[in-house]
Amino acid sequence: MSNFIRNIIKNIKRNNFAKKQRSKVLKDGNLLNAFNNKKIIFIHMPKTAGISLVKSIFGDVTLEGHRSVSFYKQVFGSRYSDFFTFTIVRNPWDRLYSAYKFLEKGGMNIHDKNAFEAHLSIYRDFEDFVLNGLNEKIILEIMHLIPQHEFVCDKNGKIIVDHIGRFENLN
């Protein structure tokens, strides 16, 4: 199957998922509802202190995982422009090392465990992985390795969030 067709299928699935998520906006106790109530959207990139940040700003809510700004534009539709959007980025090298160690320890769920077993466990250690296994295919397949720009840029590479903070500047 060509990359063009794969991308079309991926976009259709993403659009359908976003439409299903819209119903959560009205349900108390989940992150989409908290975003809606505060008119703030936090783009949670993996390994950037996102869970701690969500809990400190939005309280004890059901987490939604790692979603791009494009996802939230689909979920909130025309109301999206009413929201303040922000994210936290991290030094890519530190983030990669943190992601590797996180996955090596089992991650948070079965997907994380499976990602490590399928793609990373064959390498002796982090250095071996970086030197012999790190490639674009793995980076795009494992959520915790996806490049940060994929979460906050449009298809033309333009940053489309209101504010970007740095992990290294968090207290």
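The values are calculated or read from the model by the stated rules, or taken from the named source; none is laboratory data. No experiment lies behind these values; they were computed from the predicted model shown. Note: ideal-geometry Cβ built from the backbone for every residue, glycine included; neighbour counts use all protein chains shown.
Assorted remarks:
- The single condition from (1) at pLDDT below 95; (2) in the same structural domain as S52 (by TED's automatic domain parsing) that E136 fails is (2).
- Count of residues meeting criterion [assigned to a helix (DSSP H, G or I), touching a helix residue (DSSP H, G or I) at 6+ places or on another chain (Cβ under 8 Å) and basic (K, R)] in region 46-78: 1
- Residue, surrounded by the most Cβ atoms within 10 Å (Cβ to Cβ), within region 61-81, restricted to residues that are of a type in the set (A, V, I, L, M) and either over 16 Å from V152 (Cα atoms) or more than 15 Å from the chain's Cα centre (by Cα) (or both): V75
- Hey, G133 small (G, A, S) and surrounded by 12 or more Cβ atoms within 10 Å (Cβ to Cβ) or not: yes
- Among the residues of this structure, N114 counts as one that is more than 23 Å from V89 (Cβ to Cβ) and not acidic (D, E).
- Scanning region 122-144 for residues that are in contact with a Lys or Arg (Cβ under 6 Å, 6 or more places away or on another chain) and among the small types (G, A, S) turns up nothing.
- Residue in region 99-109 that is polar (S, T, N, Q) and in contact with a strand residue (DSSP E or B) (Cβ under 7 Å, 6 or more places away or on another chain) present: no
- Residue selected from region 82-130 under the condition of a type in the set (S, T, N, Q) and either surrounded by 14 or more Cβ atoms within 10 Å (Cβ to Cβ) or more than 24 Å from A34 (Cβ to Cβ) (or both), by the criterion farthest from the chain's Cα centre (by Cα): S121
- Some residue of region 44-60 being at pLDDT 75 or above, farther than 22 Å from V89 by Cβ and either within 19 Å of the chain's Cα centre (by Cα) or not polar (S, T, N, Q) (or both): yes
- Helices (runs of 4 or more DSSP H) (entirely within region 97-169) containing at least 3 residues that are free of Cβ contacts under 8 Å to residues at least 24 places away in the same chain and either farther than 14 Å from T48 by Cα or hydroxyl-bearing (S, T, Y) (or both): 110-115, 126-132, 136-141
- Any hit, region 118-131, residues being of a type in the set (V, I, T) and at pLDDT below 95: no
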